[in-house]
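Read the structure below first, then the notes.
Just so you know, all these numbers are worked out from the coordinates, no wet-lab data involved. Keep in mind that what you see is a predicted model, and the values were worked out from it rather than measured. Neighbour counts run over all protein chains shown; Cβ positions are idealised from the backbone, glycine included.
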Amino acid sequence: MNTERTVFSQILDFIPKHQFRTCVNRYNGNYRTKSFSCFDQYLTMAFAQLSYRESLRDIETCLRALHQKLYRCGFRGSVSRNNLANANEKRDWRIYHDFAQTLIKKARQLYANEDFGITLENTVYALDATVIDLCLSLFPWAQHRRHKSAVKLHTLMDLKGSIPTFVRITSGSVHETTVFRNLLLEPSAIYVMDKGYTDFAILHTFSKSNCFFVIRAKENTVYYRKCSHPIDKSTGLRSDQTIMLTGPKTSKLYPIPLRRITFRDEDQNRTFVFLTNNFQLDALTVCQLYKLRWQIELFFKWIKQHLRIKSFFGTSVNAVKTQVWIAISVYVLVAIIKKELKLERSLHEILQIISILLFEKSTLKQALTGNYCNLKEQQNYNQLSLFNL
């Protein structure tokens, strides 16, 4: 049993330090830095995420109470709220964006063969956005309504492993389709979206790029039916049609056939209508793909509940983006640990355990599985034991 290292220091073993230094050097992150490096900043913010700290003073108080253990955990600089606030304010947030992308790439390789409920050769992505409300007086740059500010996280998630592959942080007033236009499309991939992303000019580019989409149809979509395909109504399907758009604008923006699928969910007492440009998949599989889109909603709920992004440690654009990207990197790091240690627990359970054992001296896998061995002492004693246990 490893009793010399803390759980936190063992978590750092999964951080690719060479790639982290590459990201720091790319943006001169440590330029004129004397006592609080970018790695110190990352460790401090990661500690705040993993231990659920709420403020700069909270972080400073806790770390100073553990000052005797910090050196062995990788901290080399002086941790103070002024140092952390200045670092979040001034150091380029792209350092942590690039480092998160490095972790995301590794995580996607680990989860490449993960079963997500449907057996498909295509990569399946879910695209959505979530809004985090802010105070207008503190975050005027992110004004969303007349008396409210907000930031919006536009996220593209690989459903294998629920790994976010693309995240863009904007003010709450930026519409989803604005980011949608700049998305790099992957050939043969399937993109699953809600009806807020309905923009037929952009959807037409999917067909041109040899990739597919599944999107909920708006109620006011105007079309005519070219033909219908046989369905099994006992599965919940109500129709599977090939259609053409007939609206004065939509017919020009999307001039080729679409597939329209209607599904009745008796459990929710709701009827869903989907549009897709994929004519090969079974109609029920298309409906199941949209149902799996709920994973991105769970991701948003999860990071809002368990990562520190609802209360920010700084008010500038740079500080907010730094905190969000470090939060995402911590999420992906925990996903990597889960896969490499072959853990059965959920990410939520892993984070809960880590939060209370962060500076305990125990092997990481034992801490996360709870399989503590009751080892008998094997030392030789001069006095014989009176009882054989």
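Order by neighbour count: TRP302, TRP294, TRP325, fewest other Cβ atoms within 10 Å first, most last. Don't skip to the answer; put the middle values down first.
Details: TRP302 17, TRP294 12, TRP325 22.
Ascending Cβ contact count within 10 Å gives the list TRP294, TRP302, TRP325.
Label points 7 Å out from Cα along the Cβ direction at LYS249 and VAL222: separation in nm?
Simple spin-label model gives 1.2 nm for this pair.
Can you flag which of LYS106/LYS160; LYS195/LYS304; LYS105/LYS160; LYS301/LYS342 are past 21 Å Cα-Cα?
LYS195/LYS304; LYS301/LYS342, as the Cα separations exceed 21 Å there.
If you take all C-alpha pairs in region 195-279, what percent of them are over 20 Å apart? Spell out each step's value before the answer.
Values: 1161 of 3570 pairs.
Here the long-distance tail beyond 20 Å is 33 percent of all Cα pairs in region 195-279.
Which ³J(HN,Hα) values in Hz, rounded to whole numbers, follow from the phi angles of region 322-335 under the Karplus curve 6.51 cos²θ - 1.76 cosθ + 1.60, where θ = phi - 60° and Gly and Pro get x?
4, 5, 5, 5, 5, 4, 5, 5, 5, 4, 5, 4, 5, 5
Using alpha carbon centroids, what distance separates region 329-362 and region 253-309, in Å?
About 30 Å separates the Cα centre of region 329-362 from the one of region 253-309.
Which one of PHE8, ILE243, ALA46 is farthest out on the positive end of the charge dipole of the chain, using unit charges on Cβ (Lys, Arg +1; Asp, Glu -1) and the Cα centre as origin?
The listed residue farthest towards the positive side: ALA46.
Excluding residues fewer than 8 places away in the same chain, name every one of the aspartates and glutamates whose C-alpha is closer than 16 Å to that of LYS321.
Within the straight-line limit of under 16 Å, LYS321 reaches these aspartates and glutamates: GLU89, ASP92, ASP98, ASP133.
Could you let me know the centre-to-centre spacing of region 1-66 and region 312-326, using Cα atoms, in angstrom?
16 Å
Taking other Cβ within 10 Å of each residue's Cβ, how do GLU4, GLU121, GLU340, GLU60 sort, fewest first?
So the ranking, lowest neighbour count to highest, is GLU121, GLU4, GLU340, GLU60.
Put +1 on the Cβ of each Lys and Arg and -1 on the Cβ of each Asp and Glu in the chain; which of ILE337, ILE356, TRP141 then has its Cα farthest toward the positive end of the dipole?
TRP141
Take every Cα pair under 8 Å in region 195-279 that's 6+ residues apart, average their separations, divide by the length, and report that relative contact order as a whole percent.
Normalised by residue count, the contact order of region 195-279 is 30 percent.
Mind listing the long-range amide H neighbours of TYR191? Cut-off is under 5 Å, sequence gap 5 or more, other chains count too, H placed in the peptide plane at 1.01 Å from N.
TYR125, PHE212, PHE213, VAL214
By counting other Cβ atoms within 10 Å of each Cβ, how are TYR27, TYR125, TYR254, TYR71 ranked from fewest to most?
Ordered by Cβ neighbours within 10 Å, fewest first: TYR71, TYR27, TYR254, TYR125.
Please give the charge dipole size of region 195-279, origin at the Cα centre, charges +1 on K and R Cβ atoms and -1 on D and E Cβ atoms. Round to the nearest 20 debye.
Result for region 195-279 is approximately 320 debye, rounded to the nearest 20.
Just how large is the dipole of region 194-243 about the Cα centre, in debye to the nearest 20, putting +1 at every Lys and Arg Cβ and -1 at every Asp and Glu Cβ?
Computed charge dipole of region 194-243: roughly 120 debye.
Would you mind estimating how fast region 225-271 diffuses translationally, via Stokes-Einstein at 10 °C and 1.306 mPa s with the Kirkwood radius over Cα pairs, in µm²/s?
Approximately 132 µm²/s, per Stokes-Einstein.
What is the angle, in °, between the Cα long axis of helix 17-26 and the longest principal axis of the Cα atoms in the chain? Nearest 10 is fine, range 0 to 90.
Between the helix axis and the principal axis of the chain, the angle is about 70 degrees.
How big is the Rg/Rh ratio for the chain, C-alpha atoms only, Rh by Kirkwood, two decimals?
Rg/Rh: 1.06.
Looking at TYR223, GLY196, ILE261, which one has the Cα that reaches farthest to the positive end of the dipole of region 195-279 (charges on Cβ: Lys, Arg +1; Asp, Glu -1)?
TYR223
What does the convex hull of the Cα atoms of region 1-125 come to per residue, in Å³, rounded to a whole number?
With only Cα atoms used, region 1-125 gives 159 Å³ per residue.
If I stretch the segment between SER207 and SER234 completely, what's the gain in nm (0.36 nm per residue apart, minus their alpha carbon distance), one decimal?
6.6 nm
Let me check against my output: what whole-number percent is the relative contact order of the chain, with C-alpha pairs under 8 Å and at least 6 apart?
The value is 22 percent.
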